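Enquirer: I'd like to ask some things about the structure below.
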Amino acid sequence: MNSLHFGAGKIGRGFIGAQLSQAGFKVTFADTEISVVEAINRNKSYDVHILGESHSVQKVEGVQAVVADSQHCVDSFISADIVTTAVSMNALLALAPIVARGLAARYKAGVVEPLNIICCENGIRATSSFKSMVVQRLDSALCDWVDRYIGFVDCCVDRIVPVVTLENPLDVAVEPFYEWCLDSSAIKGEIKNISGVRLVDNIDAYIYRKLFTLNTAHCTIAYLGALKGYKYIHEAVVDADIRSVVDGVMEECSRMVVEMYHFSAEEQANYCSKILQRFSNSALGDTVSRVSRDPMRKLSPQLYFSRPISLALQLGHRVHYLATAVAAVLRFRSDNDPQSLQIGDIISQNGVEYCVKKICDIYDEDTVAEIVARYRAIF
């Protein structure tokens, strides 16, 4: 069995590629970085260091790599049994023409075995968005073939992969926990049993639960931690002031998740408890700077703060701890983060209230007023 994975970064190597290899797939990575492609082809293997209470190593062997926009990459679609991505939401548009060429090559070769494409990105229905980018580049005959034989499968992926310097630059450090949920209704044919993969018929529930529980809490810790001078997530999460806000954020988000997506209160509470255990994993050395980067994107209307606030308001719930979290993001500044400096410029020129409305798309007056008040009072 052959897999083609776009994005040979830490998530690609440490999570998706590793799980595919463990399931028996021959993994071909496709990447734009020539040096990474050459290193993979030279070594043909790497280690995944699983860091928790104990340190174990998963060896990933027999891998190869191609340049993402090369003919070799396009031809790989002909024999591929699964195609995955971990390139970031912003990079999918640039990837679409390559995938369109690959599907055209598979169609021209007369292949009728089903193929599933799965975008393992940190976003909402990334694969569905990607499908629209791809099909607009195909003619009608090829679109009909794609509808019949190609599955574009939305998913929810979850594994913390910190920035850790290892002796072999191809090696990756990861946490023990991982989850990979696939939308069962979108699969063409079948997907071989892959460790950690769960087929679900309500993928939106798992996507939103992850984004608005794990990601929202993770970022809250990071921004509050940055304001208090912490370097690591595991240090910040045990700070009493920060933990109080994080617990409140998770409670406000959980109320919305349970009401909208029908997880039981007990199931959601257990999910939150597990998340906090993961954040406390000191072996990962997960840094505040890694998690806090790109604050303007994280404040955008569809992501970790603005969206759960909007949903909570729609359900008639007020938010207080989420308002504190947004205030912390707005207060965050780093010379190494252009977005944080841009937020600072907007606030200095137009004020906090304008910034909340402009960046977060939040216009509820009581909520805006509370964010502004907490911005001025935080720590």
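The values are calculated or read from the model by the stated rules, or taken from the named source; none is laboratory data. Since we're looking at a predicted model, the values are computed, not measured. All Cβ positions, glycine included, derive from the backbone under ideal geometry; neighbour counts span all protein chains shown.
Enquirer: Can you confirm whether G12 is of a type outside the set (A, V, I, L, M, F, W, C), in contact with a Ser or Thr (Cβ under 9 Å, 6 or more places away or on another chain) and assigned by TED's automatic domain parsing to the domain that holds V174?
Expert: Spelling it out, G12 is indeed of a type outside the set (A, V, I, L, M, F, W, C), in contact with a Ser or Thr (Cβ under 9 Å, 6 or more places away or on another chain) and assigned by TED's automatic domain parsing to the domain that holds V174.
Enquirer: A further question on this structure: Within region 1-89, which strands (runs of 3 or more DSSP E) (wholly inside it) include 2 or more residues that are polar (S, T, N, Q)?
Expert: On the way: elements: 2-6, 26-31, 45-51, 55-61, 64-67, 82-85.
Strands (runs of 3 or more DSSP E) meeting the threshold: 2-6, 55-61, 82-85.
Enquirer: On the given criteria, is L103 assigned to a helix (DSSP H, G or I) and buried (at least 23 other Cβ atoms within 10 Å of the Cβ)? Outline the logic, then answer.
Expert: Details: assigned to a helix (DSSP H, G or I): yes; buried (at least 23 other Cβ atoms within 10 Å of the Cβ): yes.
When the stated conditions are applied, L103 passes them.
Enquirer: Being surrounded by fewer than 18 Cβ atoms within 10 Å (Cβ to Cβ) and either in contact with an Asp or Glu (Cβ under 9 Å, 6 or more places away or on another chain) or assigned to a helix (DSSP H, G or I) (or both) is the filter here; which residues of region 277-290 pass it?
Expert: If the condition is that a residue be surrounded by fewer than 18 Cβ atoms within 10 Å (Cβ to Cβ) and either in contact with an Asp or Glu (Cβ under 9 Å, 6 or more places away or on another chain) or assigned to a helix (DSSP H, G or I) (or both), then Q277, S282, S289, R290 are the ones that fit.
Enquirer: Of the residues V83, V74, V87, which is touching a residue at least 12 places away in the same chain (Cβ under 8 Å), over 19 Å from N2 (Cβ atoms), buried (at least 16 other Cβ atoms within 10 Å of the Cβ) and among the β-branched types (V, I, T)?
Expert: Working: V83 fails: over 19 Å from N2 (Cβ atoms); V74 fails: over 19 Å from N2 (Cβ atoms).
Exactly one residue qualifies, and that residue is V87.
Enquirer: To continue, here is another question. Could you please let me know if L299 is within 29 Å of S88 (Cα to Cα) and modelled with pLDDT under 95? Quick ask: steps written out before the conclusion?
Expert: Working: within 29 Å of S88 (Cα to Cα): yes; modelled with pLDDT under 95: no.
The answer is no for L299.
Enquirer: Can I ask one more? Which ones in region 109-138 are surrounded by fewer than 21 Cβ atoms within 10 Å (Cβ to Cβ), charged (D, E, K, R) and either modelled with pLDDT under 95 or under 29 Å from E179 (Cβ atoms) (or both)?
Expert: Correct list: E113, R125.
Enquirer: OK, next. Within region 118-130, can one find any residue that is in contact (Cβ under 8 Å) with a residue 60 or more places away in the chain, in contact with a Cys (Cβ under 8 Å, 6 or more places away or on another chain) and closer than 16 Å to S184 by Cα?
Expert: yes
Enquirer: List the helices (runs of 4 or more DSSP H) that sit entirely inside region 163-260 and contain at least 3 residues that are at pLDDT 95 or above, over 22 Å from I11 (Cβ atoms) and assigned by TED's automatic domain parsing to the domain that holds S273. It would help to see each step written out before you state the result.
Expert: Working: elements: 203-209, 216-227, 233-236.
The helices (runs of 4 or more DSSP H) meeting that bar are 216-227.
Enquirer: Right, something else. Testing Y304 on (1) crowded, with 22+ Cβ neighbours inside 10 Å; (2) out of contact with any Pro (no Cβ under 8 Å at 6 or more places or on another chain); (3) part of a helix (DSSP H, G or I), one condition comes back false. Which one is that?
Expert: Just one mismatch for Y304, condition (3).
Enquirer: If you go through region 311-319 one residue at a time, do you hit one that is of a type in the set (S, T, N, Q) and either surrounded by 15 or more Cβ atoms within 10 Å (Cβ to Cβ) or within 22 Å of V237 (Cα to Cα) (or both)? Before the answer, list the steps.
Expert: Of the residues in region 311-319, the ones of a type in the set (S, T, N, Q) are 314.
Subset that is either surrounded by 15 or more Cβ atoms within 10 Å (Cβ to Cβ) or within 22 Å of V237 (Cα to Cα) (or both): none.
Checked against the condition, which is being of a type in the set (S, T, N, Q) and either surrounded by 15 or more Cβ atoms within 10 Å (Cβ to Cβ) or within 22 Å of V237 (Cα to Cα) (or both), region 311-319 yields no hits at all.
Enquirer: Of the conditions (1) surrounded by fewer than 17 Cβ atoms within 10 Å (Cβ to Cβ); (2) within 22 Å of A377 (Cα to Cα), G248 fails just one. Which one is it?
Expert: Tallying (1) surrounded by fewer than 17 Cβ atoms within 10 Å (Cβ to Cβ); (2) within 22 Å of A377 (Cα to Cα), G248 fails exactly one: (1).
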